[in-house]
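> Here it is, the structure in full.
The values are calculated or read from the model by the stated rules, or taken from the named source; none is laboratory data. Values in this document were obtained by computation on a predicted structure and should not be read as measured data. Every residue, glycine among them, receives a Cβ derived from its backbone with ideal geometry; neighbour counts consider all protein chains shown. Protein only, heavy atoms only, side chains kept; ligands, DNA and RNA dropped before computing areas. Shrake-Rupley method; radii C 1.70, N 1.55, O 1.52, S 1.80 Å.
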Amino acid sequence: MDHSGHGMNMDLPPFTLGRGLELSVDPFFLTGCVLALALYGYGVVRLRRRGDGWPVNRIVFFVVGVLSIALVMCTKLNDYGMVMFSVHMVQHMVISMLSPILLLLGAPVTLALRALPPAGRGRTGPRELLLKLLHSRYMKIISHPVFTIPLFIASLYALYFTPLFDFLMSSKPGHIGMMVHFLAVGLVFFWPIMGVDPGPHRPGYLMRMLELFAGMPFHAFFGIALMMASTPMVETYKNPPASLGIDALSDQNWAGGIAWAFSEIPSVLVLIALVFQWYRSEQRTARRTDRAADRDGDKELAAYNAYLASLQARGQ
């Protein structure tokens, strides 16, 4: 379906899940999804041709992440999202909070670094450019919580509670740019927290959990603000088409409830991933300690026992 007029004159029938999931391709996002899958698949094939493995679970996470973007941008959910605040909020929550987590669990940067060949001595190729970008001052700034948390919050309040949202929704390029922004903000916010791919900012597990919980409450507050409003707050959705058979304020309440409830989903997913990473890290540390003990005959334990014996001898 054409997105001309951006929804306010769309004569869509009342929303049902079946209608929302019908195919309605957005060329920009379809191209992006296909390109992402092709590049990721190329990287996996390169690794396997030279005898290196790549975890199947990472492939699954990345593919599901890309498909989640296609689900909300290449179906009629995208059409209904132009005229229904509640459906738009589903799009926003998925593309800014669920899709980035799944994509990052696929470790695309790690795959690129392993699959891309070195350019050779004194030369600069794609792999060297990627490494340079990862270690750049720019990346240190945009991956730091002092930047990511305010950006994450501003993407809600500064967008929906100002005329900026209506301006972006008034044109197709504006709508596409807004959705790309949601995805980019989610990737930047969750990248250092997930800690799967290399990056300039990589705090400890406890600090990552604190960063996660610092941003999530603002999503809940935003949802509550929408639910408590007595009048429609966003101009774009004030006058939904009569064919939908919905009330603007009721639809806004649904949008607020979705924003409030959805903030819990990424929190749980990220916490599970962090606890699993923490557990595996502790296991690796324990194995390294055991190997070191086997090599040196457990000198550290012997020294500790000698120290205890000396203390006991002094006490006698």
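> Please determine, by comparing only the residues of the range 254-266 that are surrounded by fewer than 17 Cβ atoms within 10 Å (Cβ to Cβ) and at pLDDT below 85, which one is nearest to residue 97 (Cα to Cα).
Ranking the qualifying residues of the range 254-266, first place goes to 265.
> If you don't mind, there's one more thing I want to ask. How many residues does the range 67-96 hold that are in a loop (DSSP other than H, G, I, E, B) and of a type in the set (A, V, I, L, M, F, W, C)?
Residues that pass the stated criteria total 4.
> Just to be sure, is residue 51 farther than 30 Å from residue 161 by Cβ, of a type outside the set (Lys, Arg) and in a helix (DSSP H, G or I)?
no
> Now for a separate question. Name the single residue that is nearest to the chain's Cα centre (by Cα) among those in the range 169-184 being open to solvent by 30 Å² or more (accessible area, probe 1.4 Å) and of a type outside the set (A, V, I, L, M, F, W, C).
Out of the qualifying residues, it is 181.
> Return the residue satisfying two criteria in turn: it lies in the range 232-248 and is of a type in the set (A, V, I, L, M) and open to solvent by less than 20 Å² (accessible area, probe 1.4 Å), and of such residues it is farthest from residue 97 (Cα to Cα).
Looking at residues that are of a type in the set (A, V, I, L, M) and open to solvent by less than 20 Å² (accessible area, probe 1.4 Å), I get 244.
> So, one more: Please enumerate the residues belonging to the range 71-83 that are open to solvent by 10 Å² or more (accessible area, probe 1.4 Å) and of a type in the set (A, V, I, L, M).
71, 77
> Next up: Among the candidates 187, 164, which residue alone is open to solvent by 50 Å² or more (accessible area, probe 1.4 Å) and closer than 30 Å to residue 277 by Cα?
The match here is 187.
> Within the range 143-164, how many residues are part of a helix (DSSP H, G or I) and among the polar types (S, T, N, Q)?
Qualifying residue count for the region: 2.
> Would you mention how many residues in the range 97-142 are assigned to a loop (DSSP other than H, G, I, E, B) and among the hydrophobic types (A, V, I, L, M, F, W, C)?
Within the range 97-142, residues that are assigned to a loop (DSSP other than H, G, I, E, B) and among the hydrophobic types (A, V, I, L, M, F, W, C) number 3.
> A further question on this structure: Got at least one residue in the range 215-231 being open to solvent by less than 70 Å² (accessible area, probe 1.4 Å) and polar (S, T, N, Q)?
No - not one qualifying residue is present in the range 215-231.
> Residue 92 versus (1) over 18 Å from residue 259 (Cβ atoms); (2) open to solvent by less than 10 Å² (accessible area, probe 1.4 Å); (3) not charged (D, E, K, R): which is the lone unmet condition?
(1)
> Can you give me the number of residues within the range 10-36 that are open to solvent by 60 Å² or more (accessible area, probe 1.4 Å), touching a residue at least 24 places away in the same chain (Cβ under 8 Å) and over 17 Å from residue 80 (Cα atoms)?
Here the count works out to 2.
> Then there is this: Test residue 251 against the stated conditions and say whether it is at pLDDT 90 or above, of a type in the set (D, E, K, R) and open to solvent by 40 Å² or more (accessible area, probe 1.4 Å).
When the stated conditions are applied, residue 251 does not pass them.
> Would the range 192-210 turn up any residue that is surrounded by fewer than 17 Cβ atoms within 10 Å (Cβ to Cβ), in contact with a helix residue (DSSP H, G or I) (Cβ under 7 Å, 6 or more places away or on another chain) and modelled with pLDDT of 90 or more?
No, every residue in the range 192-210 fails to be surrounded by fewer than 17 Cβ atoms within 10 Å (Cβ to Cβ), in contact with a helix residue (DSSP H, G or I) (Cβ under 7 Å, 6 or more places away or on another chain) and modelled with pLDDT of 90 or more.
> Determine whether residue 206 is part of a helix (DSSP H, G or I) and over 16 Å from the mean Cα position of the chain (by Cα).
Yes; evaluated as a whole, the condition is true for this residue.
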